[in-house]
């Protein structure tokens, strides 16, 4: 596995510069032995030998401009060191390509032993007297073209120019003085050899934007911007847009430009031999049209043979579908032909030096499972399920293949169960978990990610490519949070870094619950009643937006634009979608209770839906309309996998203002849909000292007018706030929520029932029974405490854990899953574990309720059995009982989706229930084992008979001793 070698010893992501996770070779205050490169009014001269790569010269000119952006004075690029005795100098070059660099190596002034002959590596050294007439110079030397280019852009990032300076309008960080530090660093090779993005599903947003800005073509002007971004992000690989473009045909400059700049071109899994989908010969059928398809493939090879290309081999059906006439045998014939023309056209006897990949996508997996033999020099590119869940990784017999393995991943998709193309819906901790798993299990040759329109996915793209470049910085499950803070520091400054990282971590938990396109009223219909879940979710979004807006308000105007694009906009726009659907669900529920606030919620839904358009317009107006069309994607009103024709608001109800015969005043309580008087007065859910949520009563108007009321308890140790009030409609307050407070020190021990009466000024009073259970736990108890027959536990709050006999451990992934955190088995290379010798996590809980047949619900991600012969598995046990093992993911044909997959992807969780036996009152321990690598759990809920239906499950139980 390739490693990035750092000469400097630095903590993960901690740098003196704005470069994420990279050692600082520059400083901004005078340093003994340092070289002043730039200040206001001065800039360095960048020397690049005329014989070096054109792409290196191009990047050198970018660096010269970047100094101008930061200090106000632009640098200049020259080809010779003559006449530079009084100028600060940066010497740049590629080993074996730059005579100037090679002369420094020969003279032993430049040490390249750490990088010579390695892939995409570079060294940065401050050298005294490098050539005659120059006392000191910063020397950047690359092992190859991209190594040198990365060295150049490393300086750009350090001085304060974000890779996203153009694509996300991140303003350069102004500096007065810039110094090269008296040190040496070497960097590379990257962890993943080929790292890049796929611009796919690009209609309507990106295509409309390209139409408006580049004359309707994905031309070389457009690609120059994309390629520069990739190189600044230390990527090297690109699949071009396919649905409405032909990369090599639309602009004859595209191919040469990619090669000049240092981008390795590829094509998607359905576009073999560097040919675009739109160029396909018809009929696209190997069986009936083989000669024409062979010519098609040969022509693609002839066109791209002089440029750096990672060749896509194999084939699929037309239009990103399976072929009705291909099978494992004929697909081998296709690949054999493709390899034969690669050898003959390139004049090679073998293809060990020619990168090729075969993508195991959808139906192609079935061919492989049928025993299809892939040439050993072809990289097998495994795929996720289009929703971020890797389906398969190399098994032991595949690990040492010459071509190795890689991953095709998705941040955007068109297809089942729903398209998701609008804005960022990626949980970064989930990306880390999956890609770390891939890295540890030898899928390290290629990482390519579908990024749709590119623009709304800046953060996930940066995270993915930073991991691909140096996965050694991401070995810890907590690395995502550290990375987020470093990323926010680079883009917006240290003052908002912590808050921004927290905001995006929270956003990740909120969006993984269900993608925007999958939302409707359904998830929240039960949640409007049980646990106040719908309101709580909406409050989470409101709180997140308020905190993020406060960060935005502290920033200067220029930085606000970038912050809005990448942070505030997805939170603000996402909150609106949630508000529309949640309040539409509440509107339906309130209509059945005859609440007059039904009408107010209908108005709120309409207003929020209109606000979506306002936010879209604000985005499109940024930077004088620079990003107009980037938010064109429809995101309301889906009812199948494909985009609806236009946005549409969910239906809402209104009710008449005439009060029912049972009276104007209505009363409802948590966990019950009844409206009294009229419906039988419900019993309140019980309370004990450990009930995690407030117990409340809703008092509301069921017609026009005003009504005074009082709320009184039958005992002095139960108080209700407020105890009096007035509900009115249409003016005034139509709904009042009263909170019940219990003085447990004065309440009787054990079980009792208290009466609470809501009395209107006129009409029928409503008498509610409130069960109380005044209980206690031992003073030294540490763990969760049951309330109302439920114990909901988050994974980070374990009581204890033990390592496995082989050194394996169960580690917490912060900000993972739908509510809090995840637990996973590490290292990911571990063998199958057992409950006798494997690592174990213990979650203690104290029960007051007896249950003859208790159950535990285990919330997991929608993961796959990445090794079919060792499916994901966990085990649970109550106290000292025999553990119960469960393999949650059914077996399936490779490329097909296992049972329960659709629901798991839609809901952001696979929910599995296991019996744990009899639970008596008292202290207990729930033990959890994760028996296969890749198994992750992100919530546990013990049901002692009191768990109610909801989307997320009960709120986390009270925990003691943490």
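The values are calculated or read from the model by the stated rules, or taken from the named source; none is laboratory data. Values in this document were obtained by computation on a predicted structure and should not be read as measured data. In this analysis, Cβ positions are derived from the backbone assuming ideal geometry, glycine residues included, and neighbour counts consider all displayed protein chains.
Annotations
- Scanning the stretch 574-584 for residues that are surrounded by fewer than 23 Cβ atoms within 10 Å (Cβ to Cβ) and within 30 Å of residue 707 (Cβ to Cβ) turns up just one, 579.
- Residue check, residue 949 in contact with a strand residue (DSSP E or B) (Cβ under 7 Å, 6 or more places away or on another chain) and surrounded by fewer than 16 Cβ atoms within 10 Å (Cβ to Cβ): no
- Residue 682 surrounded by 15 or more Cβ atoms within 10 Å (Cβ to Cβ), touching a residue at least 12 places away in the same chain (Cβ under 8 Å) and either assigned to a loop (DSSP other than H, G, I, E, B) or under 43 Å from the mean Cα position of the chain (by Cα) (or both): yes
- Residues in the stretch 911-931 that are within 24 Å of the chain's Cα centre (by Cα) and crowded, with 21+ Cβ neighbours inside 10 Å: 930 only.
- Of all residues making up the stretch 119-136, the number that are within 41 Å of the chain's Cα centre (by Cα) and buried (at least 19 other Cβ atoms within 10 Å of the Cβ): 7
One line per residue, one yes/no per condition, for (1) in contact with a helix residue (DSSP H, G or I) (Cβ under 9 Å, 6 or more places away or on another chain); (2) farther than 22 Å from residue 820 by Cα; (3) not assigned by TED's automatic domain parsing to the domain that holds residue 386:
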residue: 450; (1), (2), (3): no, yes, no
residue: 458; (1), (2), (3): yes, yes, no
residue: 468; (1), (2), (3): yes, yes, no
residue: 488; (1), (2), (3): yes, no, yes
residue: 507; (1), (2), (3): yes, no, yes
residue: 513; (1), (2), (3): yes, no, yes
residue: 529; (1), (2), (3): yes, yes, yes
residue: 537; (1), (2), (3): yes, no, yes
residue: 551; (1), (2), (3): yes, yes, yes
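- Of all the numbered requirements in (1) at negative phi; (2) surrounded by fewer than 19 Cβ atoms within 10 Å (Cβ to Cβ); (3) not assigned by TED's automatic domain parsing to the domain that holds residue 160, residue 216 misses one, and that requirement is (1).
- Only one of the listed residues (950, 957, 885) is over 24 Å from the mean Cα position of the chain (by Cα), touching a residue at least 40 places away in the same chain (Cβ under 8 Å) and under 24 Å from residue 425 (Cβ atoms). That residue is 950.
- Leading residue by the ranking (nearest to residue 820 (Cα to Cα)) among those in the stretch 895-938 that are free of Cβ contacts under 8 Å to residues at least 12 places away in the same chain and part of a loop (DSSP other than H, G, I, E, B): 900
- Residue 70 being over 22 Å from residue 123 (Cβ atoms) and not in a loop (DSSP other than H, G, I, E, B): yes
- Counted residues, the stretch 878-892 - those being closer than 15 Å to residue 930 by Cα, buried (at least 21 other Cβ atoms within 10 Å of the Cβ) and in contact with a strand residue (DSSP E or B) (Cβ under 6 Å, 6 or more places away or on another chain): 1
- Failed criterion for residue 109 (all others in (1) in a loop (DSSP other than H, G, I, E, B); (2) under 23 Å from residue 470 (Cα atoms); (3) without any contact (Cβ under 8 Å) to a residue 60 or more places away in the chain; (4) in contact with a strand residue (DSSP E or B) (Cβ under 7 Å, 6 or more places away or on another chain) hold): (2)
- Pairs meeting the criteria (first residue in the stretch 350-375 and assigned by TED's automatic domain parsing to the domain that holds residue 401 and at positive phi, second residue at pLDDT 95 or above and crowded, with 21+ Cβ neighbours inside 10 Å, beta carbons under 8 Å, at least 6 apart or on different chains) are 362/316; 362/383.
- Residue 743 being at negative phi, in contact with a strand residue (DSSP E or B) (Cβ under 7 Å, 6 or more places away or on another chain) and at pLDDT 95 or above: no
- Just one of the listed residues (624, 587) is assigned to a helix (DSSP H, G or I), within 30 Å of residue 171 (Cβ to Cβ) and modelled with pLDDT of 95 or more, and it is 624.
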